[in-house]
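The values are calculated or read from the model by the stated rules, or taken from the named source; none is laboratory data. As the structure is a computational prediction, the values presented were derived from the model and not from experiment. Don't worry about glycine lacking a Cβ; one is built from the backbone with ideal geometry, like all the others, and counts go over all protein chains shown.
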Amino acid sequence: MRLALAQLEIEAADVEGNLGRAVDAVATAAEAGADCVALPEIFDVGYFAFDSYARNAEPLGGDTHRRIREAAIEHGVAVLAGTVVEDLAASAAAGEDVPAEHGLANTAALFDSDGKRRLVYRKHHLFGYDSAEAELLVPGEATRTADVCGHTVGVTTCYDLRFPELYRQLLDEGVTMTLVPSAWPSPRVEHWKLLPRARAVENLMYVGAVNGAATFEEATLVGRSTVYDPWGTPVAASDDDPTIVYADCDPAQVEAVREEFPALGDRR
């Protein structure tokens, strides 16, 4: 799989502009030979644009997902629609399986190159402290996986990186690659460099951590999107400017590393 991490410029509450840049990034990545494109966390509204969450929330299959799905089909590439703010009541009314019948969620959706939605993941761990996320959103409850270009792919989101048990669960579900859409701010840049690498090392899997490139009133995102291989080696990375990071990720390498260093067999 040729993986592309689209480190997008994100403007607070500029849904149309942000979505346009996301669609353009899908086209650019596909032209460069990508098989799968991952977008950042809350790429449509901007993570720190909390006042805009409710008025811009959409159900699964809303306009944002429709346009990302159309881009996936047009360019023949799988796309992880980063995360968007999901209106759970609207999704429930449409017959979707949701963790609560009301409220908002931080929701990722993975579309295959034929436009079929392969998985939905709602962020499990909601950031507290001075962030409004835990007050505004409902946590997810389920993990999902999807087969993409020979990989069994799982998804987690940003703050989830601090909870390694979630990645063990994905490991037990056969995951060989975890994609992590994020909105990681600059005060904790060393954590951003450490945690996804640690999750790759612990689970002997690929981890693709995709961040935004944005400055909000509250924080500046650090960018530095990175793909880590099953040894935890960063095989492709960016600085803090908008860009697309590419890495060739061979599922056979996961099997080879796990055979060469069978630490997972020593779990108790």
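Data table
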quantity	calculated
Given (1) in contact with a helix residue (DSSP H, G or I) (Cβ under 7 Å, 6 or more places away or on another chain); (2) among the hydrophobic types (A, V, I, L, M, F, W, C); (3) over 28 Å from A34 (Cβ atoms); (4) free of Cβ contacts under 8 Å to residues at least 40 places away in the same chain, index of the condition A134 fails	(1)
Subset of the range 4-32 [among the β-branched types (V, I, T) and out of contact with any Asp or Glu (no Cβ under 9 Å at 6 or more places or on another chain)]	T28
Residue count for the range 125-144, restricted to those that are part of a loop (DSSP other than H, G, I, E, B) and closer than 16 Å to A183 by Cβ	8
Unmet criterion (only one of (1) closer than 28 Å to R21 by Cβ; (2) loosely packed, with under 14 Cβ neighbours inside 10 Å) for G265	(1)
Pick from the range 98-133, criterion of a type in the set (D, E) and either crowded, with 18+ Cβ neighbours inside 10 Å or modelled with pLDDT under 95 (or both), ranking: farthest from L170 (Cα to Cα)	D130
Failed condition for G265, given (1) without any contact (Cβ under 8 Å) to a residue 24 or more places away in the chain; (2) on the phi > 0 side of the Ramachandran plot	(2)
The range 169-191 residues that are touching a residue at least 24 places away in the same chain (Cβ under 8 Å) and farther than 14 Å from T220 by Cα, paired with ones that are buried (at least 23 other Cβ atoms within 10 Å of the Cβ) and aromatic (F, W, Y) (beta carbon under 6 Å, 6 or more apart)	M177/Y206
Single residue of the range 134-144 satisfying the filter (hydrophobic (A, V, I, L, M, F, W, C) and buried (at least 16 other Cβ atoms within 10 Å of the Cβ)) that is nearest to V85 (Cα to Cα)	L137
Residues located in the range 198-218, provided they are in contact (Cβ under 8 Å) with a residue 60 or more places away in the chain, aliphatic (A, V, I, L, M) and touching a Lys or Arg at 6+ places or on another chain (Cβ under 7 Å)	L204
Restricting the range 72-111 to residues that are of a type outside the set (A, V, I, L, M) and closer than 19 Å to F43 by Cα, the residue that is farthest from the chain's Cα centre (by Cα)	D87
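Yes or no, residue by residue, for (1) in contact (Cβ under 8 Å) with a residue 60 or more places away in the chain; (2) among the basic types (K, R); (3) within 18 Å of T178 (Cα to Cα):
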residue	(1), (2), (3)
E74	no, no, no
S91	no, no, no
A100	no, no, no
N106	yes, no, yes
F111	no, no, yes
